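See below for the structure under consideration.
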Amino acid sequence: MKRLHVHLGKSIQEEEVASPVPLSWHKHPMQVCVAKEVCGCNADPFLCGDRELRALRCSGGNFNKPLQQFLGGVIEGHGVTDNIQRFSSLPPYLPVSYHILRAETSFFLKEASQDLLRNSSLQSRAESFFTYKTRQPPVLNASYGPFSVEKVVPLDLMLTSNFLGPTNKFSFDWKLKAHILRDKVYLSRPRVQVLFHIVGRDWGDRSAGEKLPCLRVFAFRETREVRGSCRLRGDLGLCVAELELLASWFSAPTLGAGRKKFVDQPEGTPVELYYTVHPGSERGDCAGGDFRKGNAIRPGKDGLEETTSHLQRIGTVGLYRAQDSAQLSELRLDGNVVIWLPSRPVKQGDVVTAYVTIASNSSVDFFILRAKVKKGVNILSAQTREPRQWGVKQEVGSGGKHVTATVACQRLGPSPRNRSSSLFNEVVQMNFEIASFSSLSGTQPITWQVEYPRKGTTDIAVSEIFVSQKDLVGIVPLAMDTDVLNTAILTGKTVAMPIKVVSVEENSAVMDISESVECKSADEDVIKVSDRCDYIFVNGKEIKGKMDAVVNFTYQYLSAPLHVTVWVPRLPLQIEVSDTELSQIKGWRVPIVTSKRPTRESEDEDEEERRGRGCALQYQHATVRVLTQFVSEGAGPWGQPSYLLSPDWQFDITHLVADFMKLEEPHVATLQDSRVLVGREVGMTTIQVLSPLSDSILAEKTITVLDDKVSVTDLAIQLVAGLSVTLYPNAENSKAITAVVTAEELLRTPKQHNCVAAHCKKRIHPKRHVCGNEDHASDTSPFVITRLRFSVCTTGCGCRRKMPGSPHALRRGALTKIPGVFIVFIFLITKLSS
C-alpha cells in the first residue's frame, strides 16, 4: 500500500511501502482532521463537528483509498490485537493500574518463564501477585480512567500452613504452634505438658480472643491412647494441655507374643503426640460429645481410627524409667576433682547435696577441699559412702558474711579404678540447707577451691544453687510471627517483631516473665534483639538471611531458643527497563514548562520542526521497575539458599526503593513517578538504586538517549466501557495469584462513558518500538478524536486523570433513540513517517 504524509497546508503525498496492518475495514467514509499548528502545544483537543470544519483542513467523503485502508486497519481494535506482536518484543496491552488493598505486605510478581505474549491484547491485562502478610482477605483493585473494579481474594486462594479451624470463625492467616515443655518423661513424673499459642494474631486485638477454639491432645503408644485438652485464651491466645501417661507405658515394648525387648534405648521409648481443633462449649470449657473434661484413656484401635482424620502432628517424647544424670550439673575444679550439683531449683528449707568426685585415673591420695557460702545457707554434715576407701574430716568456720567448710580427704584403700568403668568415683557428699532467702527467686553462690600438700591450690570456681518458690517446668519465647521480611535493607526503616517470654509451672500455670529474662542473638548479622528482650528486629545492616535464625532467652537456670526465618533481598537488585535506548520522535513536540530548561534541538532538524515555538523535542519513554528475590540461607550443612515462593519468581519492589532511585545524568533522562523513564537530550546515563544506609549502589542500569529519530508508523486503539476481573491460582506456584482484567467495549446505557486507549508504533530501521498512551502524559499526546455520526456519540476529555494513561472519553448521546455505531479515529497531528 502507500504510506501517507500529512503536511500542514500541503497536499497528501503517497509513497510505496509494505502494508503494516491487515486491510480489514474500509466500508465507511472517513473524515480526517489535521490541526493548523504542528506543535499543538496550545491547542485544546478538537471536536470534529460541523462548526469545527472551518478551523481544520479536512477531507471527507470517499477519501484517498490507501489512507482509508491504512486507517481502517489500525483503527479496528479487534483486527489489530493479534498482529501487534509482530512489530515489537513488548506488545501493547490494556494499561490497567493494579493495587492490592487491605494487605500489610504484598508484591506484584514476575515469573522467569512468563509468556511474553500473555499481555499481548488491548482487551486484557494479566498480573500475578503475592500477599506476604495480611490479617484479613485482601482486595484487588484495578482501575483505568474513570473505571474501577474490586474483587476480594477468595479464602481458598489464601493458603495457610497450619490448621486452626473454620475460616469463617477464625482469621485465615492464623497459625497454631505447639511447644513440648519436656521431651524426656520419667516414670517418677509421668506427665506431658504442651503449650499452644497462635502465631500471626495481633496481641493488641482484645476482641479476637473471645471465642478461641479448644484443643485436644493425643498420645499414642502401640494401640493405646491418652487424651488431654485445653482452650486458647488471653491476649496471647495460649493454653497448656496436660497428659498423664500410664506406668505400663514405661515398660519395655512388646515384640511378639509374650516377648519383650529388654535392651534400654538411649533415646527412650518414643511416643507420638497429636492435636485436633474443636469449638468450645457455651460454658467456656472444652467438654463435648464423647470427650470427657480432663484426661481420657481409651484402649484399642477404635479411638485411633476415630480421630486420625483430623489429627495434626506435634512431635515425639521419649519415656525413661530411671532419672537421667543430666539433672546434675558438672563443675570441674581441675584434672582430678569434679563437683556435681543439682541443676533444678530448690525452695527455702530444702537440703542440697553436692557430690565430690575424683577422676578414676587420678593418683591423688590426699587433698583439702574448701567451700564458702553466704549467710542464709547452712553447711551441714559431710559424709562418704565408701568409708573403706576414703577418710573424711570436716571443719566449719565463720567469718563476717561468709561461712567456710574445710574438708580433708584421705585415700585409705587401694584405687578402685580397676573395679569400676565409671570416669569418676565418689569421695564425699556435702549437704547445704537453704535457711532463708530475701526474694522468691534467685541464686546462692558457692565458691570452691582444692589444696594439695606441697603443690599449692587451684583457682577458685563458683557454682550456683537456683532458689525458687515455684516449680518451674520451662520457659517459652513467643513471637507474633515466625517469619521476618528484611525490607530495611531497601528502605532503611527498622522491621521489628514483638516478643513475649512465659514460664510454665508444674501445675500448668503460665506467667509472663518478659521483664526478667536475658537474651542474645546467635548471629547478629541475621537478626538482632532489643536490650530489654521485648522485640527482635532487623535494621538493614544485616548481611544474610537464615531459615533457622536463633535468639536465646535465659531465665534463672532455664533457657529456651526462639526460632525464626529471616528473608533478605538478593543483591544486586535487578532494574528492568522496557527499552534502554531512547530516540527522538520525529515531529512530536511537548510544551515547555517554565520550571524546565528547553531541550537542545537536533542539528539536522528541518525547517518545519523549528516552527514550533515554545515546544521541546519529545523522546521515547520506557517503563521501569526494580525486581529482586527474597532468599534465606538453608539450615543444612551446605547452607543452600531457600527462596520465598521459588527461584522462578521475582518480586516487584519499585515502591520500596522509589525514594532511592536516581539518574546519574538527569539532563539526559528523568524518572516520572519512579516508573517511567523519559529521554531529554542525547547522551548516556545510569539509573541507580542507592542504599538508604550507606553509599553503596544496590543496582544500576545504563540508559542511552540516541540522536536517531523514530517515526510513528502504526496506531491502535481500544474502547473501554468497563472493567471485569478474574482471580485464579497460578499454575506454577499456588501461593501466587494471577489477576486478569478484561475491558468491556459495549455501551449499554445512555450517557455511559467510554475511554479510548491509544497505542502507536514508532520505527527506525531495524528497531521497532511500541508506545502506549500510558507512557506519555496527557498534556503531551497530540491525538485528535472525531466521529462520523454526531447523534450517536460525543467526545470530550472526561477520562483524563492523573494515571499512567491519558485516554479520551466518549459518551453515548442522550437523545439517540435508534442504536447507532460510531467509529473513533486517533492519529498524530504530525508526519506519519519520514
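Once both labels are positioned 7 Å from their Cα atoms along Cα-to-Cβ, the gap between Thr726 and Ser360 label points is 7.7 nm. Figure legend: label point modelled 7 angstrom from the Cα of Lys393 along Cα→Cβ; residues of the range 354-369 with amide N under 14 Å from it are 366-369.
Summarising the label geometry, the points placed 7 Å from Cα in the beta-carbon direction at Asp512 and Asp531 lie 2.2 nm from one another. Using the alpha-carbon positions of the range 676-729, Rg (one decimal) and Dmax (whole number) come out as 19.5, 49 Å. When each of the peptides 659-672, 333-346 is scored by the mean number of other C-beta atoms lying within 10 Å of its residues, the order from highest to lowest reads 333-346, 659-672. Each Lys or Arg adds one and each Asp or Glu takes one away; over the other residues whose Cβ falls under 11 Å from the Cβ of Cys239, this sums to +1.
In this structure, the pairs whose alpha-carbon distance is over 23 Å, taken from Lys151/Lys175; Lys546/Lys735; Lys372/Lys470; Lys133/Lys500; Lys372/Lys393, are Lys151/Lys175; Lys372/Lys470.
What does the charge count near Tyr275 come to, summing +1 for each Lys or Arg and -1 for each Asp or Glu among other residues with Cβ under 12 Å from its Cβ? Summing Lys and Arg as +1 and Asp and Glu as -1 gives +3. Starting from the 7 Å offset along Cα-to-Cβ, what nm value, one decimal, do you get for the label separation of Gln640 and Asp548? Each label point is offset 7 Å from its Cα along the Cβ direction, giving 1.5 nm. Relative to the current alpha-carbon distance between Lys541 and Leu746, full extension at 0.36 nm per residue lengthens the span by 68.3 nm. Across the alpha-carbon atoms of the range 333-433, the computed radius of gyration and Dmax are 14.3, 45 angstrom. Once all protein chains are placed together, Arg125 keeps about 40 Å² accessible to a 1.4 angstrom probe. Stretching Lys375 away from Gln348 to a fully extended chain increases their span by 8.4 nm, per 0.36 nm per residue minus the current alpha-carbon distance. Averaging 1/r across all pairs of distinct Cα atoms in the range 482-570 and inverting the result yields a Kirkwood radius of 13.6 Å. Between Asp481 and Gln688, the contour length at 0.36 nm per residue exceeds the alpha carbon distance by 71.2 nm.
The values are calculated or read from the model by the stated rules, or taken from the named source; none is laboratory data. As the structure is a prediction and not an experimental result, all values here were calculated from the model. Ideal geometry is used to build each Cβ from the backbone, glycine not excepted, and the neighbour counts take in all protein chains shown. We work out accessible area using only protein heavy atoms, side chains counted, and drop any ligands, DNA or RNA first. Shrake-Rupley method; radii C 1.70, N 1.55, O 1.52, S 1.80 Å.
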